[in-house]
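Accompanying notes for the structure given below.
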Amino acid sequence: MQEIPKPLQVYVVEDSPIIRRLLASTVEAAGAELVGYSADALTAIADLGALQPDLILIDISLDSGSGFDVLRALQERNLGPSAIKVVLTNHANPEYQNLSLSLGADSFFDKASETSQVLALISALAAEKRQRGSRRDPDNHEGNYNRN
Amino acid sequence: MEPDIGRELYRVMDALVALKCDLSCDPHIPGETLVLSAEKSRDACDALETASASIRHLAAVLNGGGVGDASKH
């Protein structure tokens, strides 16, 4: 019997219900799985230790704590080392970008002007994971995204 | 209570971003949603409502009135 490939698993750290809903609908439409979400850093850190998603979408400004706290905890505790970490924020300035990347983020996007790129990235990663699953190519681990 | 003006403004920005994505028929959104579904329409309305409420809140405070005091305008 053929094994069904596991969909891309996504976790969202975002305090805005409207943006969460937008991301969730894109995740669903892409055939990926939203494994959880959080509006604050502590809950996110606890969840991420247990869930080990493939993709983590992180806002900087949260209900309590910040996206930096989440990135720092992931880095210090080596949680989800293979997860792709994408920051999507209204605070898109070089200082925040550099700090995010130094804390292990793979990409950094401006929420005001680059959200559609994040939606595209979710779709691309979900498709890539599906293809990888159906090809069953154990050597093909690498994501197809660019580190900003 | 005075709102955190920065936070309110970011709330408006988030709502507008979501609205833009919902209405833009982005090529990465699958074809069956190119005609806005009822759900997407409701999401867009919610985004507008959130943005409007935040702007109204800010405008009232910045004009020295109470929340929702739009009678002067």
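Values in this text are rule-based calculations from the coordinates and carry no lab data. What you see is a predicted model; the values in this text were computed from it and never measured. Cβ placement follows ideal geometry from the backbone for every residue including glycine, while neighbour counts extend to all protein chains displayed.
Observations on the model:
- Residues whose amide H falls under 5 Å from that of A:GLU33, counting only those 5 or more places apart or on a different chain, are A:LEU8, A:GLN9, A:VAL10, with hydrogens built in the peptide plane.
- Cross-link partners of B:LYS20 among lysines, defined as those whose alpha carbon lies under 19 angstrom from its own and excluding same-chain residues fewer than eight positions apart: A:LYS111, B:LYS40.
- Each peptide among A:36-44, A:12-20 gets the average number of other Cβ atoms lying within 10 Å of its residues, and from highest to lowest they stand as A:12-20, A:36-44.
- Cα-based shape type of chain A, given that a ≥ b ≥ c are square roots of the gyration tensor eigenvalues and the cut on a/c is 1.5: prolate
- Label point of B:ASP4 set 7 angstrom out along Cα-Cβ; within segment A:86-112, amide nitrogens under 17 Å from it belong to A:89-92.
- Placing unit charges on the Cβ atoms only, positive for Lys and Arg and negative for Asp and Glu, gives segment A:1-78 a dipole magnitude near 100 debye about its Cα centre.
- Burial order of peptide ranges A:89-98, A:112-121 (average beta-carbon count within 10 Å, highest first): A:112-121, A:89-98
- Full-extension gain in nm, A:ALA127 to A:GLU95, via 0.36 nm per residue minus C-alpha separation: 8.3 nm
- Inter-chain Cβ neighbour average for residues B:15-24, partner chain, 10 Å: 5
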